[in-house]
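S.K.: Before I ask anything, let me first share the structure, which is written out below as structure tokens.
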Amino acid sequence: MKKRSRIHALYRKNDDHPNVHGVRFWDKWKFPSWGSKENINRSSTIENGIDGMFINAKEQLKRPKSVTDCTVNNSLVSLGFAVANTKTWDLYQAIKKGSLEEIRNLVTLNYYHDKINSLDKENLFTFMHYAARYNRSDVIGCLIDFGADVNSMGGKDSIAPLHVAAQHNCTEAAQSLIRFGATVHVNSKTKNSPLHYCCKYGSDGVAEIILKETERLNITGKIINHPDNESYYPIHFAALYNNKAMIDILLKFGASIVKKNVNGRLPSHFAAEHKDTAVLEDLLQCAKVKGLNDYIIISNNEGGTALHIAADVGSIIAAEICLKYGAEIEAQTYELLTPLHIAAKNGNYEFAEFLISRGAKVNSKDDAGRTCLHYAALSNSISITELIIRKGADIEDRDTGGHTPLHLAVKKGCTQVIKKLFELGADITTTDSDGRHCVHYIAEQTDISTIQAVLENGGKELVECPDNEGLVPLRMVATEGNLPALYFLVQNGASMGTLDKEGNTLLHIAAKANHRDTIKQILKHTNAKDINTRNTSGQKPIHIAAIYGHKRVIQNMIKNGADINSKDIHSYYPLHYVAKDGYTAAAQLLVDENAKIDVLDRSDNTPIHLACANGHQEVTKILLASGADPTTINNQGLNCLDLAIENDQTEIGLQIIRSKYWEKALENKEFDGHTPMKRLIEKLPIVAYVTQAVMDRCITYTSDIGDSKEKQIVFNFSYLEAPPSKTKTKNTEDNYSAASSILSHNRIKLMQHPLIRAYRHYKWNSLLRYHYYGRCFINLVFLLAVCTPVSLNINNYYKAVRNQTGNNAVEQITVTQPSKFMNEIAASIVEIGIELMALLYCLPFQQPTTILKVQIGAMIVFLSFINFLRQLKRAFGVGLYLTMFLTIMKTIIRASLVIILFLIAFAIACHMVLRQLPEFSELGYAFIRVLTMMVGDISYREIFQHLYDTNQLQNSGLALIIIVLSVVIINIAFANLLVGLAVGDINEVRSNADISLIQMDLSYISSLRTYFMPKFLQKYAYQSALVLRNHHKMKLREKFIWKKLTEGVRLQAPIENTLERCKDINIFQELRQQNLNSKDFTDNFADFRSDVLHHLITIESLLKKISNEDPALI
């Protein structure tokens, strides 16, 4: 068979997958619609014979029988089951043999009778399918007598028995099925009708039976022109399998020849694939008879006609038939490909010669501007190339990219055609639209014969000719890393010292492209000093390699004398570049080669600055391990910790804090006038509180101090607040307090850290407790000042009430109170409310005390006590429990709305039903009474005894129901609800109360810094550290403080654990070194392989030179 076309313009990758019909299109074909019968993958389970799918009945009989295989109770049903289980496949064998008597005996058993239309497990077929398979028409009638369905669906493709008969050309079975009512237009899962199966498997006998039945039913057009789910019609399959008899039957019954499938293919397109052209001629003759004169030129979805398909498969006979019926020899696809283009691309000389003899034009161009000669050159066909040129093809014709056939041949490495084109006069100096000639194209060629063919035919004079961008071939070779081309270009006079517009040498270009072997070859032909040549940006080749992180190239350059401590015009060293982009291996290599670590660029950034700013953790780790200083400040006032914070690099921040530079890193105030601690709390709180982070490192634990073996713990507060001597940095007054940041950002974990606990303890004992208890004393004085006169006035009021006359006259009592209670009004709403009511109580002066003033006075006293209790939340001993109580009250208040609604409902109901009782006579009284009943004061005797005494008990059924409901809903349900809500998880309530107290302390600390205080008080309130010692003479309070403040502190690990950790670190370093050694071994092996390749090229060149000088030596 002729080699088929591989035209790139028409190539479709998805053609290599079979469709639902099992058609697998070749990957070399252009149009997805072009396929062949040779590639049909018949996937049906029936295709290879149902006999092969059956389980051997003899093997089934050999299986051991269980107890259930025997008869039970000697009953007929049990006997039937026993027979069915012991001879499972007897009915299938009987159907295969056509034994009607045996079939009837078996089907009478209930087991088979109930499963007459069931699907088997192996093939998913019914008994009717097997009868159709074995062409047993009498068995079909027998099965129908016992209730079998003639249209039952089965198999993986959900086909009917008529499909099975059509597939195996079982004519008698088909006739019997149709006679018993089988549907001739039944479809499978893929919408294939039985007629599709006939055409697919060549069952012309069954096809004629089906079509005669459709003619009787007057539905022939519906069946014969019915498409499947990919628009394949029956006639498509008949043409695909080149079945002339089937085509004749279909045409006889009126099949349409103009129907297209999903790819736009006609039946004639399938027929054109075959060398036997009888089907093709029948189709074309039918079209001619029907007056379809343009039928032969109808194209598929890609614009290909039957003649294009014949050209692709190389069928000259099919092409002659197509031309006979009017095919256009210059017909073009949608990509403007002619049949001659396809023949030239496939290298089919006979077909190309045939087309040219019939008048095909050799200079026709496709949409890429390529002629047949271009495709002949790409197919490496000397004969077609000579033929086309002999017939008048322009050897220098160009496509849209300016490529001649010679350019394409060189680009693809078609050496034979290259030599032939040179013989026929091809011009090697021609250039494409980019100004590139053939020598430029050998930069991509590794075929030595192609390279030599170009250089030996005039290419030597072009090795220094640049393209439109000024690139000479050798620069392209350096970019591609093509060692053979590099060698031969240098041997033919190419200069190694050329520069591009940016001043880059070949070493710069090869370094950028990561071609280490190319660099080695370049260095062999240049001076050693060229390794440090700079471009216009002051960059050496090693800078370029560092920019792209090419570790092997950097290593090779270092071996050849590259300077790793040189900087470019941006003051960037190679280490800056690898750190900026996170090239771990390259960074490790430079560090190991003693590159300078803390070099500065123009912005005063060191390599570790760039690594931190860009989030490169591994590079940061390498630089820190190599001694890089993360505390260096750049021209923006940022050190590495500042950069990590500003760029949200948590892991890098932790690395710096866990290094030996952490204290110095936290002292930088150049950026915003504050230490990095402020921004750590706000942006990277994890760096502040996780293990071995800032706050942990601010706690130092020491044991075995002195002869008494004392223990000491030091809490360092220097990073939590600025000292009282307010310094100014960056025009900012440094009065920072970590308490304000922790509160404003609600950092709960920071609040609970032992360092903050010690900080609160010190602040409380230094100044806050005096401030706090002073406020409490003031509130107590306020409480006494308010409550005492109000109580005295109310006492006088009630004495007057008791002595009043019958006309309810009230004695005029003068209120003598100060005109104001306090000089300042408190900020809280409760305090403001108390003072407003106090004013209302006093004013106007010299007025008698009334009941309203008594009520106001009671509220004043009540709220004053509540306010005083609120102030005691921080008091020692009771503060925690007051906070917990308030938390529980908040929960109860949130649930009170539902309770109040129920109370109102019960109050209204009791008021309406029990109005005769004094407790429920008024709605307000009823509400209060129901509320007291809620807490258990039901007073059953008072209520129901009164009803009994007044003979109203028999009419109080509704009242009883209401009381019961109130007990169940309010006293039981709501009581349990409130208990559950209030108590809940008591540990969680306590934890929330602790957090509230911490927040209160931090709020006091934060607000205290805003007050004006004398300097001696400021110094007293500030202390950079708190030192605690544990010794045998400790007092009880000191022991309590030690236990309280050291709880949860991560104490220093014992010496043994430290040694173990050091051992682990050493093991890790050894593993890391072994990994680097293995990489070095791999690189050395690659170097050795490239050296061997170079020597082989040199030997081959010498042998060729010797053979040219004296062939007798070879």
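S.K.: Within the stretch 682-700, restricting attention to residues that are more than 23 Å from residue 713 (Cβ to Cβ) and of a type outside the set (D, E, K, R), which residue is surrounded by the most Cβ atoms within 10 Å (Cβ to Cβ)? Don't jump to the end; show me each part of the working.
M.R.: Start the filter on the stretch 682-700 by keeping residues that are more than 23 Å from residue 713 (Cβ to Cβ), which leaves 682-686.
Next, from what is left, pick out any that are of a type outside the set (D, E, K, R): 684-686.
Values: 684: 23, 685: 19, 686: 13.
Only one residue fits best here, namely 684.
Residue by residue, here is whether (1) surrounded by fewer than 24 Cβ atoms within 10 Å (Cβ to Cβ); (2) of a type outside the set (Ser, Thr, Tyr); (3) in a helix (DSSP H, G or I) holds:
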residue	(1), (2), (3)
545	no, yes, yes
553	no, yes, yes
558	yes, yes, yes
571	yes, no, no
595	yes, yes, no
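S.K.: Restricting to the stretch 647-679, give me the number of residues that are touching a Leu at 6+ places or on another chain (Cβ under 7 Å) and assigned to a helix (DSSP H, G or I).
M.R.: Of the residues in that region, 7 qualify.
S.K.: Now a separate question. Write out, first by first residue and then by second, each pair whose Cβ atoms fall under 6 Å of each other, whose residues are 6+ apart or on separate chains, and whose first residue, in the stretch 188-200, is more than 16 Å from residue 261 (Cα to Cα) while the second is of a type outside the set (A, V, I, L, M).
M.R.: 188/157; 188/158; 189/157; 189/158; 194/163; 195/234; 197/163; 197/167
S.K.: Give the residue that is farthest from residue 207 (Cα to Cα), with candidates limited to residues of the stretch 117-172 that are of a type in the set (Ser, Thr, Tyr) and touching a residue at least 24 places away in the same chain (Cβ under 8 Å). Give the derivation first.
M.R.: Narrowing the stretch 117-172 to residues of a type in the set (Ser, Thr, Tyr): 118, 126, 130, 134, 137, 152, 158, 171.
Okay, now just the ones that are also touching a residue at least 24 places away in the same chain (Cβ under 8 Å), so 126, 130, 134, 137, 152, 158, 171.
Details: 126: 23, 130: 20, 134: 18, 137: 17, 152: 20, 158: 20, 171: 9 Å.
That would be 126.
Here is a yes/no grid of residues against (1) within 26 Å of residue 502 (Cα to Cα); (2) at pLDDT 90 or above; (3) touching a Leu at 6+ places or on another chain (Cβ under 6 Å):
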{"position": "537", "(1), (2), (3)": "yes, yes, no"}
{"position": "545", "(1), (2), (3)": "yes, yes, no"}
{"position": "553", "(1), (2), (3)": "yes, yes, no"}
{"position": "557", "(1), (2), (3)": "yes, yes, no"}
{"position": "562", "(1), (2), (3)": "yes, yes, no"}
{"position": "584", "(1), (2), (3)": "no, yes, no"}
{"position": "600", "(1), (2), (3)": "yes, yes, no"}
{"position": "607", "(1), (2), (3)": "yes, yes, yes"}
{"position": "615", "(1), (2), (3)": "no, yes, no"}
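S.K.: Which helices (runs of 4 or more DSSP H) sit wholly inside the stretch 266-365 and have at least 1 residues that are touching a Pro at 6+ places or on another chain (Cβ under 8 Å)?
M.R.: On the way: elements: 267-271, 278-289, 306-313, 316-324, 339-346, 349-357.
Those helices (runs of 4 or more DSSP H) span 278-289, 306-313, 316-324, 349-357.
S.K.: With (1) at pLDDT 70 or above; (2) assigned to a helix (DSSP H, G or I) as the list, and residue 888 as the residue in question, which single condition is left unmet?
M.R.: It fails just one condition, (1).
S.K.: Pick from the stretch 151-206 the residues that are in contact with a Leu (Cβ under 6 Å, 6 or more places away or on another chain) and not in a helix (DSSP H, G or I): which of them is surrounded by the fewest Cβ atoms within 10 Å (Cβ to Cβ)?
M.R.: Across the stretch 151-206, the extreme among qualifying residues is 155.
S.K.: Which residue is surrounded by the fewest Cβ atoms within 10 Å (Cβ to Cβ), if the candidates are limited to the stretch 598-644 and must be assigned to a loop (DSSP other than H, G, I, E, B) and of a type in the set (Gly, Ala, Ser)?
M.R.: Residues of the stretch 598-644 assigned to a loop (DSSP other than H, G, I, E, B): 598-606, 614-616, 626-639.
Now restrict to residues that are of a type in the set (Gly, Ala, Ser): 603, 615, 626-628, 637.
On the way: 603: 13, 615: 17, 626: 17, 627: 9, 628: 24, 637: 16.
Only one residue fits best here, namely 627.
S.K.: Return the residues of the stretch 662-685 that are farther than 18 Å from residue 608 by Cα and among the charged types (D, E, K, R); say none if nothing qualifies.
M.R.: Those that are farther than 18 Å from residue 608 by Cα and among the charged types (D, E, K, R): 667, 669, 670, 672, 678, 679, 682, 683.
S.K.: Please verify whether the stretch 95-116 includes one or more residues that are without any contact (Cβ under 8 Å) to a residue 24 or more places away in the chain and closer than 23 Å to residue 167 by Cβ.
M.R.: Checked against the condition, which is being without any contact (Cβ under 8 Å) to a residue 24 or more places away in the chain and closer than 23 Å to residue 167 by Cβ, the stretch 95-116 yields at least one hit.
S.K.: Restricting to the stretch 720-745, count the residues that are in a loop (DSSP other than H, G, I, E, B) and modelled with pLDDT of 85 or more. Talk me through it step by step, then tell me what you get.
M.R.: Of the residues in the stretch 720-745, the ones in a loop (DSSP other than H, G, I, E, B) are 720, 722-727, 730-731, 734-736, 745.
Checking the rest, the ones that are also modelled with pLDDT of 85 or more come to 720, 745.
Of the residues in that region, 2 qualify.
The values are calculated or read from the model by the stated rules, or taken from the named source; none is laboratory data. Just so we're clear, the structure is a prediction, and the values are computed from it rather than from any experiment. When we count neighbours, we look across all protein chains shown, and the Cβ atoms used for this are built from the backbone with ideal geometry, even at glycine.
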